[in-house]
Amino acid sequence: MNGYVKANCNEGELRGVRIGTANHPRSGSDRITTISSCYHEQRYSFALLLLPLCDILSIILVELNPLLDFLAGTIGGIAGLVVGYPFDTVKVRFQNPEMTGKYRSTMHALTTIIKEERFIGMYKGITSPLATAALMNGLVFASYRFFMKIQLENNSSIPTLTQIALAGAGSGIVSSIVTTPTELIKIRQQSLLVPSSTYDVVLDILRKNGIRGLYRGIAATALRDLGYGSYFFAYEATSRYFTPTPGSSLHPSEIQLLLSQVDGQVRTPSWIAMLLAGGVAGIAGWVTTFPLDVVKTRMQSTESSYRSSILGPDTRSSPSSPLLLPGSNRYRTVWSTIVASYEAEGLAVFFRGLAPTLVRAVPVNMATFATFEAITHGFSQA
């Protein structure tokens, strides 16, 4: 979106020239948009017959750029998921209202879970996010690309950080369609002290509440996932800061002209800048949305009006949850969850579990973006 691949026609030769931008180099959330002068402008489709195989493959990769984003986003998401999942389990345990006071700290939670549930307990519920990784992560990057495209006047325009944030927020809302049922199943499994399969949890939800039960907490999820705006904003801002650029006094059109003279070069952030940007993005994304994540988890870790058989007996009338009477649930809606949580545990409840989340955010997002960039950069060099 901020750069493009320009195909030059010169006496029958098709030559790819990658062009970056001065203020916004190519990065994980800012894909290369294709302009094929030979094919689209001069309609020399017969030229494909004269191209060597490597050039044909390059054109195919350029034209299927969204597919490449989808593939890279999926693999990057899986890498991040595996790296940070133990800390996600700790986060959910901290946020679950029925486990208030069980764990003193992140380290205590980790050691207790391993002691009581063995190491595999740290990865309880990972099947659900792994199964939907392709759809969820690919959807985020693909929808980001779509929302960015509708904001730009043309493919070579340089997006502002505001446009990047808006595109990120839009992609977050779209992804909540998949994120909601995925995280609901994951949270139910993570909250169980006795292991239960994904199939059993899904069957229990469907039997008690139908398909609608899988989308419990979708409003809170969509509001939380607006944080993708700050996520992509932070990544791009950090990438730009650490990537050398020409003088800022140049007009964008002058910058494009200068960069167009550089044959075959791709302006990308260094690996160090890339990893740092991924870590900063993860922290920014969570800090701005964590209270809503607490609300979402509390809604999804409980039934709308009653406990299911798989989650065990009703214990919500215990002193640790004084506002929840038997047979009722104060965590029915976003607003009722906010009110009930605040009245029972104060403002601090909305930041419970933030420490393990921030610890998790850095390696997870470093792994995600590093993998994403490695795949897309590798294909772009093919």
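Read the figures in this text as sums done on the coordinates, not as results from a lab. Since this is a predicted model, take the numbers as computed values, not measurements. Note that we place each Cβ from the backbone using ideal geometry, even for glycine, and neighbour counts take in every protein chain shown.
Overview of values
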read-out	value
Cross-link partners of Lys115 among lysines (Cα-Cα below 20 Å; sequence separation of 8 or more within a chain)	Lys91, Lys102, Lys124
Rounded FRET efficiency, nearest 0.05, which uses the C-beta distance separating Trp271 from Phe146 and R0 of 35 Å	0.80
Per-peptide average of other Cβ atoms within 10 Å, ordering 164-177, 89-102 highest first	164-177, 89-102
Ordering of 277-288, 211-222 by packing [mean C-beta count within 10 Å, highest first]	277-288, 211-222
Förster radius 30 Å - calculated FRET efficiency between Val359 and Tyr199, Cβ distance, rounded to 0.05	0.40
Inter-part distance where the stretch 130-186 and the stretch 279-297 are each reduced to a Cα centre, Å	16
log₁₀ of I(q)/I(0) at q = 0.13, 0.20, 0.23 Å⁻¹ - the stretch 105-160, Debye sum with one point per alpha carbon	-0.59, -0.79, -0.88
Simple spin-label estimate for Tyr342 and Thr112 in nanometres, 7 Å along Cα-Cβ	2.8
Separation of the Asn154 and Ala374 label points, Cα + 7 Å toward Cβ, nm	3.8
